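Below is one structure; the comments refer to it alone.
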Amino acid sequence: MAAILSVRDLVKRYDDGFEALSGVSLEIEQGEILALLGPNGAGKTTLISTICGITEGTSGSVTVGGHDIVTGYREARRMIGLVPQEINLEPFERVINTVRFSRGLFGKPKDDAFLEKTLRQLSLWDKKDSRIMELSGGMKRRVLIAKALSHEPEVLFLDEPSAGVDVELRKDMWEIVAGLKASGTTIILTTHYIEEAEAIADRIGVIAKGELLLVEEKQALMTRMGQKQLQIDLTEPVSKLPSTLAGYDLDIAADGMAVIYSYDTRSERTGITGLLADLSKAGMVMRDLQTKQSSLEDIFVGLVAEDAA
């Protein structure tokens, strides 16, 4: 599938010498969801702002649908919808007029049928005549999404879309994003909620200190970098491991009632059979077994920690 968004060697350097983006290259295919993860100050919002033409890159290039964001700004920008982090809406305006105005800004003809469909999709239709100031924070965030979709963009940026909303509304957002993907919209989201990325993204990008550390298909990333842990519950507590178990990657649980074995899922041999035999030889009696797979959060924390080291 062809890339709808292409970023090549993008650098953003400020006058004081601070480099917010350091040679970022990225290609995003049409109809996919990419989650961009990174700590505060990593460059996520700067990358989105540069792609959307809000700030200008120092060097490098960005094309959207084949249109350069500098030389073909209008054509590129028409293809983009942006939902910013900050809720910046006219408080006295009504919802329907807010989205109509956004559509008109991009030169789109009046189409109330399309706007009705969009507002219904976002559970906003019954609020269409409400003033923005009368809405809850979650509903205001939905209005931001409606504004971003009003001109029928092919690429949608969601910058922390569920920041400050409750868990139930966050899950509603996930359903909205899934519906947009089904309609063919390409979605790039930044998020602090790693379970959000794990739930809805096709690919994961990790950015830190302005550098893109990796971009990889979610499941492949979790398989490649994930570890499994085997928790072996014991009948009697232990305070120290015998020397015969020194060759295993073992930790003792805080209460001493279990040992935890970490192993690589890609290895041909896990070593579990030998471990269980050696535990028995050491006089440690097993009561139960439990396994745990590394989460995306575990992988993300590990990557960022490595980059900071």
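Odds and ends about this structure:
- Debye-formula intensities of the range 3-222, expressed as log10 I(q)/I(0) at q = 0.12, 0.14, 0.17 Å⁻¹, are -0.63, -0.86, -1.25 (one equal scatterer per alpha-carbon, no solvent).
- Inter-centroid distance (Cα atoms) of the range 64-140 relative to the range 240-260, Å: 57 Å
- Across the range 1-54, Cα pairs under 8 Å and at least six residues apart give a relative contact order of 32 percent.
- Length-normalised contact order for the range 227-293 - Cα pairs under 8 Å, 6+ apart - percent: 50 percent
- Length released on extending from GLU211 to ASP251, taking residue separation times 0.36 nm less the Cα-Cα span: 11.0 nm
- Two-site label geometry, TRP174 and SER136: point separation in nm, points 7 Å out along Cα→Cβ: 1.8 nm
- At full extension, PHE92 and TRP125 could sit 10.1 nm farther apart than now, given 0.36 nm per residue minus the alpha carbon distance.
- For the range 227-293, dividing the convex hull volume of the Cα atoms by the residue count gives 79 Å³ per residue.
- Measuring spread by the Cα atoms of the range 24-122 yields a radius of gyration and Dmax of 15.8, 42 Å.
- Cβ crowding within 10 Å, taken as a proxy for footprinting-reagent exposure, orders LEU189, LEU214 from fewest neighbours to most as LEU214, LEU189.
- 0 to 90° range, to nearest 10: angle between helix 112-121 axis and the chain longest Cα axis: 20 degrees
Every number in this text was worked out from the coordinates using simple rules, so none of it is lab data. Since the structure is predicted, the reported quantities are computational estimates derived from the model, not experimental observations. Glycine also receives a Cβ, built like all others from the backbone with ideal geometry; neighbour counts cover every protein chain displayed.
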